[in-house]
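The values are calculated or read from the model by the stated rules, or taken from the named source; none is laboratory data. Here the structure is a predicted model, which is why all the values come from computation and not from measurement. Using ideal geometry, Cβ is built from the backbone for each residue, glycine included, and neighbour counts are taken over all protein chains shown. Just the protein is used for accessible areas: all its heavy atoms, side chains included, with ligands, DNA and RNA removed. Shrake-Rupley method; radii C 1.70, N 1.55, O 1.52, S 1.80 Å.
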Amino acid sequence: MHERILIVDFGSQYTQLIARRVREHEIFSEVVPAHKAHLSLGDDLRGIILSGGPASAYEKGAPDLDRTVLEAEVPILGICYGMQWMCETMGGKVVPGEQREFGFTEMKVPEVSPLFEGVAEDTVVWMSHGDRVESLPEGFVRLAHTADCPEAAVGDPSRNLYGLQFHPEVAHTHEGDRLLENFLRKICQCRGDWAPADLAQELIARVKEQVGETGEIVLGLSGGVDSSIVGAICQAAIGSRCHAIFVDTGLLRAGERDIVKSTFKDHFELDLTVVDAADRFLGKLAGQTDPERKRKIIGHEFVDIFREQATRFENAHFLGQGTLYPDVIESVPAHGGATEVIKSHHNVGGLPDDLDMELVEPLRLLFKDEVRDLGRVLGLPEEMVARQPFPGPGLAVRCVGDCTVDRIERLREADRIVREELETRGEHDGVWQYFAVLTGARSVGVMGDKRTYEEACAIRCVQSSDGMTADWVYPSRECLQAISSRIINGIRGINRVVLDITSKPPGTIEWE
Ligand code: XMP
């Protein structure tokens, strides 16, 4: 049995990020919805973290917890709404703040406390709140304040109860990791007895349990990192009862189909089927220009193919997918709330309501870099684990507008050139993604004394650690020059090459 931290979810968009931070300290954590938290107490519990959330603690019907959670006699750290709930419940008062605080905020830490040990007196934290704690419960003291928030951090160190108005889990809080480490290691006294290898074993065991003795999985294999790792997990869990289906959508990168086939032959014993479906996908996409509509069409086509394939096997009632956490939060409104759908990631947002297969998504709560580490633990080769991400809908989301055969072919060739130039110069090292985009914008040019009026192609290179945020990367002038002249000289229909210098946010990594 591992030491366990319970993360109580009040509906914050950062809850899984808290879980991830706890994992980084090699401590096992369990995320539970607030109304079920009291069912997850136990001897292995070392501490509780209460997440933030969109509600106001003083409102009628605000998310609540069974009081036994407060009586669990383990340290508790409340974050944002979690802190406000704790203060309000224990006799303090929460009120709407006169000033809302969002983003980077300077904070003063005049008090010495176990939670702030080693943290500078002047530090910068990430705030995102409208309400604030006005009066503290008995026994609590102020530990830190900002200009607009007197109770930025509070606590009762004698009872190991702490509350933070800011978010220590986001990278923007300069010393957030130190605070979490203090809470986990010093206050909860966790030693860190949980490693990525344990995670691999847990995921394998869960798939085994979900599928049972006779169930079979149809696994949508894209050749990318995520679905490959799901393949390794399913293989370890149920062996030949997992049937991998690789769909040639006609939207793949140059050489992709052959690379996937040969890497799989070398490293897996999975039953692999390659389905030729370029005509189906391109046929359905003809004339479609709305990005969400394109994504939905592709998602549905994939599912139809997986369903058809499933009929070949007696017990294939399960659909395996490489869905990751960022795909989930950007595709579905969080917790039924007002969160915007940014994009319908193809394996989440494109699923029909009447899907008669149960989903097997072992990576659903993980972030990309964690998944890569998992792949290494599972013994997958570095060339597979370190591959740049390639979205399920393929080149369609990089081909702004209509995905005609000609335009996809043009983009595929431009993409090959971008990859070749960065890779042969070693400039791809450490770059998260590098690819070409067909922008749909036409402009006037001159070639061989002749006027041209053709498309612009964009070069997109970004750095990121999990795909949630990203910064643009500047390849060398020589590299850009080579890409530009090879594309314009070699590809009919493109007469201009531009560099995309937009970070995420405000942009997204893919153009559609
Ligand atoms: P965005 O464009 O949302 O992309 O900033 C973030 C990361 O996710 C990848 N991506 C997808 N991956 N299915 C996937 O499997 C999808 O539908 C999808 N859309 C975007 C994208 O390449 C980037 O790494």
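Overview of results
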read-out: Distance in nm between pseudo-label sites at ALA197 and ALA254 (7 Å out along the Cβ direction from Cα); value: 4.3 nm
read-out: Stretch gain in nm, segment ARG387-GLU478, where the contour uses 0.36 nm per residue and the Cα spacing is subtracted; value: 30.4 nm
read-out: Amide H contacts under 5 Å for PHE166, placed H, 5+ residues apart; value: CYS80
read-out: Prolate/oblate/rounded call for the chain, Cα gyration tensor, a/c under 1.5 rounded; value: prolate
read-out: Flagged links, alpha-carbon separation over 18 Å, of LYS261/LYS284; LYS60/LYS93; LYS36/LYS208; value: LYS261/LYS284; LYS36/LYS208
read-out: Theoretical gain in end-to-end length, LYS208 to HIS174 [0.36 nm per residue, Cα-Cα removed]; value: 8.2 nm
read-out: Simple spin-label estimate for VAL446 and GLU111 in nanometres, 7 Å along Cα-Cβ; value: 7.2 nm
read-out: Cysteines, the chain, no other Cys beta-carbon under 4.7 Å; value: CYS80, CYS87, CYS149, CYS188, CYS190, CYS399, CYS403, CYS457, CYS461, CYS479
read-out: Under DSSP loop assignment and at most 13 Cβ neighbours within 10 Å, longest trypsin sites (Lys or Arg not before Pro)-free interval of the chain; value: 313-491
read-out: Model label zone, LYS93; criterion: amide N under 14 Å from point 7 Å along Cα-to-beta-carbon; scope segment 120-151; value: 132-138
read-out: Under the Karplus curve 6.51 cos²θ - 1.76 cosθ + 1.60, θ = phi - 60°, whole-Hz ³J(HN,Hα) for segment 232-239, x wherever Gly or Pro sits; value: 5, 5, 5, 4, 5, 7, 10, x
read-out: Exposure of PHE116 as accessible area (Å², to 10), given a probe of 1.4 Å and all protein chains; value: 10 Å²
read-out: Using θ = phi - 60° and Karplus 6.51 cos²θ - 1.76 cosθ + 1.60, couplings along segment 222-231 (whole Hz; Gly, Pro as x); value: 9, x, x, 4, 5, 5, 5, 6, 4, x
read-out: Degrees between helix 196-211 axis and first principal axis of the chain (Cα, 0 to 90, nearest 10); value: 70 degrees
read-out: The chain - percent relative contact order, Cα under 8 Å, separation 6 or more; value: 10 percent
read-out: Label-point separation in nm, ASP354 to GLU134, each point 7 Å along Cα→Cβ; value: 5.5 nm
read-out: Crossing angle, helix 405-424 versus the chain [Cα axis fit, 0-90 degrees, rounded to tens]; value: 70 degrees
